[in-house]
Structure formats: C-alpha cells, structure tokens
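Reviewing the structure listed below.
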Amino acid sequence: MGVLLRLTFLLVLAAGLAGALYGVHLDKIVRAKFEGKRWALPARVYARPLEMYVGRALTTDTLSGELARLGYSSDPDLTRDGSYLVDGGRVLVRTRAFRFWDGAEPARFVAVDIADGIVTDLLDAETGADLALVRLDPALIASIYPTHNEDRVLLRREQLPDRLVKTLLAVEDRKFYTHVGVDPKGIARAAYENLMAGRTVQGASTLTQQLVKNFYLTQERTLERKLNEAYMAVLLERRYDKDEILTAYANEVYMGQDGSRAIHGFGLASQFYFSRELDELGIPETAMLVGLLKGPSEFNPRRSAEKVLARRDLVIDLMAHHRIISADEAERAKQAPLGLREGGARPRGEYPAFIQLVRRQLQRDYREEDLRSEGLRIFTTLDPLTQTEVEQRVRERMPQLDQQQGFEVGTLETAAVVTSVAQGEVLALVGGRDPDFEGFNRALDAVRPIGSLIKPVIYLAALAQPERYSLMTPIPDKPVSLRAGGELWQPKNYDHRVHGNVPLYRALAKSYNLATVNLGLQLGVGNVAGMLNRLGAVRKIDAVPAMLLGSVSLPPIEVAQVYQTIAAGGFRAPLRTIREVLDASGRPLNRYPLAVQPVVTEDAAYLTQWAMRKVVTQGTATWLHKRLPETLAVAGKTGTTNDMRDSWFGGFSGDKVMIVWVGRDDNTPTNLSGGTGALRLWGDIMANIESQPLDTGPPDSVVVADACGGSSIPFSRGHVGANCGGARAETRRVAGADAGETAPVVAQKPPARESAEPRRREREPERNVSPFMSDFYGN
C-alpha cells in the first residue's frame, strides 16, 4: 500500500512538474506575441486633403461630391461627425478629426458660404468665429495588405464606446471582469445543456479564451487544442490586465469578409458595414456588430439580411434586459433597418496608374515586407478633384476622337499627367483611356517620340545665351540637307513651305521645323541634349540632328518634368507623389521635402514662356481660345510625330503643368496632329479644373521694349542688341526700368521682308526612313 501511494505521489509530482514546464513554454508563447508586434498592419495610402479657405474656387456641388466620396452622410439634423447639409449657397459640415503629419486636425462644425464658385465665408458654425483654414480628412485611396490579407483599424481602450463594451460583455462574457480566464461554472452549465440537447447548443468560452484561440491557436476542434486554450487563457490573465485583454480582443476578432480581404476588429467593421467611425454608431448598428460574433459567415448581413435582423433584435432585447438601454430605446432601435452602406473601409476611388507611381517611389526607400506589415500611413499628392476631372474628360473625349477618325471605339489610347508648377507634385495621372485599368501604364512606361514638344527646349537653350539670341533674333527657315550613316536627312515644314528669316519667337509659335533645325545646329546638338537633361529628362539622349525635331523618345511623366522646370521659371523640382510617411504610432519616417534646383536663368525661362504663350494666341494651339475662359492665360506646345503616330500637347497655367499624349499601342498612324488630338483633351481638362492664369509680368532680369513697328517684346537685360529682320537695335530707357538701366529697342524701320526664296510646295517627305534619322515633321 505504501509503495502504491509513493508511486501515485511520484506520478502526480511528475505530472505537475511536466504541467509546470509546459506552462513555462506556453507562457513564453503568450508573452512573445502579446508584448511584441501583435498584428501585421497594412500600409494605408491617402490623397491630399481638401483645404477650404476664403477665396478658394469651389462650388457647392463639388464640395458635396467630395464629402460624399469621403463617406460623409447628408443629414438634416447634423447629429454626428461625418455629416453635412447643403442649404442653398451654404454648406454645413461636421468634420472628422484626423491626425496629419504636421499635427492633429480637430473635429469641427463649420459653415462654408459659396457664391459664384468662390468660398466667400468660412465660419465656426457654433461660435460664428472666422476660420482661416479647414482641412477635411483625406480620402483613403489604397491599402497595401499583408500576405494573408488581414485588415484592421487598431483602437485604444478609451476609443471603445461604453455602450459597445457593455453590450459585448452582456452577450459574450458577463463575468469577464471576475473570472480568471476560464469560467468553471459556465463550462459545467454548457456541458449540461449540450448533454440534454444531444448537440452543441451553448458555448462556455470566455472572451479571453476566444482571444487565445484567434490569436495563438488553430480552429481545429480537439481536446488538446481546448486544453491549451484554457491554460493559455489563465496565463494571459495572470500577465495582463482586463482592459488590455479586452482591447486586444476588440482589435483581433474576425468580423466578416470583403472579397479576399478579411475584416478584423470592431474599428474596421464599423467602417466596412456602415462607413462610420465606431464612436458614431447608434444602438441598432452596435447591436448588429455584436450579433455578428456568433458567426460572421453565417450571419452575413449582405447575404442573409433577415437572419441578421433577427439576431440584431435579440441583442437589442439583451441590451434592454441588462439596462444598457431603455425599453423605449429598444423598441425604436428594432424599427430601424440594418443601414448598411456599400464601399465602407475601401479605398475611395480606384487610381491604379497613380498608385503604381507611388509604389515605385516607396520601393526606393522601404522593403516590401515593411510596406505590407508595419502599418505605415502614406500621404500623397493626389488631388481627387483634379483626378476626377481628368478621368471624366478622358472618358468623354476619347470616343469622340475615335469616331472623328472613323476608328472603332477603343482604338486610340491616351495618357495624361498633371503636376503643380511650384512644388512638382503629381496631382493627377491617367495611364490609359480606361482609368480604372490596372495594366500597362502609358503615363510611366509608354516611351514614345515627343515630336515638337522638344522645340521649347531648343529655343530655351538659345535664349539662355542673351549675348547671342533674343525673341527677335532672325532665324533662317531654309532647307537643310545632311548626310549621316549613308542616309540623306532633309526635313520639311509641316506646311511644306520655306519662310525665310523669321523672328525666333515666331519660329516657335508657328512650329517651323526648318528654323528649329537651323537654330539647333547653330547651338550644337550636344548642347540641346544637355539642356533636355538639365530640365529633367533622365534617360540618355542620342545627340543626333533628328532629335531637334523630336526623335527622342520619352514617357509622358518625363516630359512633365521637363515642362515643369520651364513653367517654374527654370527651377527644377523633382516630381513627387509622396508628401510624408508616418509609422503606425504617428511618428514621421522618411520625409520627402521639396528640393528645388535652378537649372536655367529666370530671364531665359520667362522669354521661353512668352514665346509659348504665342503658340496659344498666334500659333498651332489657337483652338484653346474657344475652349478656355478669356481670363485663363496659358502656354504650351503641340507635337506630332511621323505619319501622325503620336499626338502630344504639353502646357501650363500659372499653377498647373499638364502633358497629354494620344496614340495607338501598335504604333500605327492616328491621323491626328497635336492640335487635333491631344490638344482637345488638354483643353477639356484645363477648362474644368481649378487653375490660376499665368503671371505675365516679367522678372527683374527682363525688360519690355517696343520693337518691329511698335510691338512690345521682352528682352533679357543681358542682351546687347536686338535684331529684327536684320535691323540693329538702339537702346533707350524704358518705362518701368530701374534708374540708369537701358533696354534694347529696335529702330523704327519697317520689318524686313521674309526671304525671297520661292514658297514652293516641297515634295512629300519620304517614308520608311531610319527611326534614328527620322524627319519628324509634325507640329
């Protein structure tokens, strides 16, 4: 008998020791994950926020459309944050709080008065105080998910509404704050009920056990897993306080499925089902979310609405029974519909082309696994209002261009890039005629000959030498014949004429090929290629004569960089899509500051802009006069490549740069010039986005003088003598010039006649020439 007792004692001791050692092992597992990185969080990508201030161009329709896009609800009572009311020319908005990289924006109740498309007053609707600036919360435009596609919005304990917590505990675990991780009485009660029913009708898992099962274990139903669950629940309760466990449960629990994306936690579920923050939910919404915990797949509100409604009402009854709400509140809540809203917690809009550019920039600075797991918050430069207009105009204009040329709808393709002038921020980007298509991105990857879009670069290279060139310097528009590699290159003008000596600005405005080639040869082809790289082209440029007419191939995004530098007065700001990146706790990581570098003088840039304005007023882009408001001064350049394969227009206003390309993916002719294709889409977009006119006032380094029969022409102060058809310039003081300054003024003589060379119609240029020495005769 004594031996048996000793043996039993030893067995019990061994089992206890083994259990203790196993407990140490489980405790390490519990602590390692609970104290470490609990969840892989997706990176969230945001657009730039809508900023409102007095004087901003904005209509009530545009503002209400943006609010709807952000998930704000039109609510005449304005009872919660994230609601608005349009009342004639006044829009009342209860904004949401949001933490930006430069500080927190509080929730506000604001009144926005709008008249004639302008914000006239911006007030605190409660106090009547003037507000200088109000920022709405930015639109979520993309998420970069972990490989297992779990998504969640993490909440702190104080962010869990009291009503939600009380309802959750009433339904799932009434003894949560008193048990030790498991509830022995509950287990016994459930076992008895299940035995009597002959099947599982009641569970006994505490919230802590549910958290352990979801957080650490698999979903298999075995005795070993259940014992591990109970043991780890006790260990978890020993290590951590109740509120920390409750918060972890609220963030971890599975709440439904959105395609391949798993919805976890009450924070994301609130947005997913109702497009509201958790603290904005009413009684029926709170009851529905708690009711889903019984089985999110079985109780899917979008597939089984009646079943979910019954479950919700049962939870409401429990809320009333436990005096969380009154009986009257319960009856009213049960009369409410489910109130589901589509699109909640999803990116607001599909911007695949822009997101491709964002990801390329991010991949220079971050590992892919960090993008998928560290919960980064990425603030981008995308302007949803501008992007929406670009997409809308593409959808309207492209079928018209197809039909205009007798093509089947869908034949022509396009790309468009819109940037800011001063900061080089990419505001909108479209990679094809279907802006939602996630495939080939023509704005980034369609490397096409740019045609006459190179001409402003050549004329800028000349004007950067004020001792040699001014806008009035005569440029010979005469035939050119060069032999290279055994081939004879004889470019022609688009109109097949020869125009003799023409002022430099007119040669650009009219897009004369022969004058451009002669000027480029005077400057040196290598110098022109160098200027193109200085302005922002990053790829190697073949310095051959044909590049002077645009044989160089660039994607639209690279052309946008070149034109941004010209528009910014010679200051190159590398194009960027990212403003700031924050980690999951809101600390700033890599900053993307504005980096501006002067690459050409402001006088040369201004004179080039002036000549490009003449393209619009006198040259190949005069159609814009019919499309744009009279007050919107713009500058630009058309471009067409051989056989009309590519149609381009690049231009800028006072604050926007835009490049548009139209062509075919198979590189066959479009029968569109720059002026009949890309220009039309460019004009449609520019006419519908907020834009400031060009500032036509010259910088201090430029003076304006009368020249050639009284025309006012700007000159660089460094220019020592202006030419006009061969006439030498005189100098005299000019109104507005600094004391003691002189400016060149051409003697008042009749303008010289153009070259006496006959304006014969040249024969059609030969086709099938080497692309290396192509004629690129387009305008």
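The values are calculated or read from the model by the stated rules, or taken from the named source; none is laboratory data. What you see is a predicted model, and the numbers here were worked out from it, not measured in a lab. Methodologically, a virtual Cβ is constructed for each residue, glycine included, from the backbone with ideal geometry; neighbour enumeration extends over all protein chains shown. Heads up: the accessible areas ignore ligands, DNA and RNA and are worked out on the full protein's heavy atoms, side chains in. Shrake-Rupley method; radii C 1.70, N 1.55, O 1.52, S 1.80 Å.
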Of Lys175, Lys213, Lys166, the only residue that is under 28 Å from Ile325 (Cα atoms), under 43 Å from the mean Cα position of the chain (by Cα), modelled with pLDDT of 75 or more and among the basic types (Lys, Arg) is Lys166
Within segment 33-47, identify whether any single residue is part of a loop (DSSP other than H, G, I, E, B), modelled with pLDDT of 85 or more and open to solvent by 40 Å² or more (accessible area, probe 1.4 Å), and answer yes or no.
no
Test for Tyr469: is it aromatic (Phe, Trp, Tyr) and assigned to a loop (DSSP other than H, G, I, E, B)
yes
Condition check for Ile458: within 27 Å of Leu535 (Cβ to Cβ), open to solvent by less than 10 Å² (accessible area, probe 1.4 Å) and either among the hydroxyl-bearing types (Ser, Thr, Tyr) or not in a helix (DSSP H, G or I) (or both):
no
Of the conditions (1) over 30 Å from Ile355 (Cβ atoms); (2) at pLDDT 95 or above, Arg80 fails just one. Which one is it?
(2)
Meets criteria (open to solvent by less than 10 Å² (accessible area, probe 1.4 Å), touching a Leu at 6+ places or on another chain (Cβ under 6 Å) and either in a loop (DSSP other than H, G, I, E, B) or over 14 Å from Val426 (Cα atoms) (or both)) for Leu382
no
On the basis of being over 36 Å from the mean Cα position of the chain (by Cα), open to solvent by 10 Å² or more (accessible area, probe 1.4 Å) and charged (D, E, K, R), does Asp317 make the cut?
yes
Yes or no: Pro698 open to solvent by 20 Å² or more (accessible area, probe 1.4 Å) and in contact with a Pro (Cβ under 9 Å, 6 or more places away or on another chain)?
yes
Please go through segment 258-296 and give me each residue that is over 23 Å from Leu314 (Cβ atoms), surrounded by fewer than 18 Cβ atoms within 10 Å (Cβ to Cβ) and in contact (Cβ under 8 Å) with a residue 40 or more places away in the chain, ordered by number.
Asp258, Ser260, Asp279
Tell me which residues, restricted to segment 405-429, are open to solvent by 40 Å² or more (accessible area, probe 1.4 Å) and either basic (Lys, Arg) or in contact (Cβ under 8 Å) with a residue 24 or more places away in the chain (or both).
Gln405, Ala422, Gln423
Residue ID - nearest to the chain's Cα centre (by Cα), chosen from residues in segment 605-640 that are polar (S, T, N, Q) and open to solvent by 20 Å² or more (accessible area, probe 1.4 Å):
Thr631
Between a residue in segment 301-321 that is part of a helix (DSSP H, G or I) and any residue that is of a type in the set (Lys, Arg), which pairs come within a Cβ distance under 6 Å, given they are 6 or more apart or on different chains?
Asp313/Lys334; Ile316/Lys334
When the residues of segment 477-500 are filtered to those that are assigned to a loop (DSSP other than H, G, I, E, B) and on the phi > 0 side of the Ramachandran plot, which remaining residue is farthest from the chain's Cα centre (by Cα)?
Gly486
Leu21 versus (1) outside any loop (DSSP other than H, G, I, E, B); (2) farther than 30 Å from Phe215 by Cβ; (3) at pLDDT below 90: which is the lone unmet condition?
(2)
Taking first residues from segment 632-649 that are within 13 Å of Arg448 (Cα to Cα) and second residues anywhere that are charged (D, E, K, R), the pairs with Cβ under 6 Å that are 6 or more apart or on different chains are Asp646/Arg448
In segment 90-106, anything surrounded by 14 or more Cβ atoms within 10 Å (Cβ to Cβ) and over 15 Å from Gly71 (Cα atoms) is listed as Arg90, Val91, Leu92, Phe100, Trp101, Glu105
Is one or more of the residues making up segment 374-390 acidic (Asp, Glu), modelled with pLDDT of 95 or more and within 26 Å of Leu58 (Cβ to Cβ)?
yes
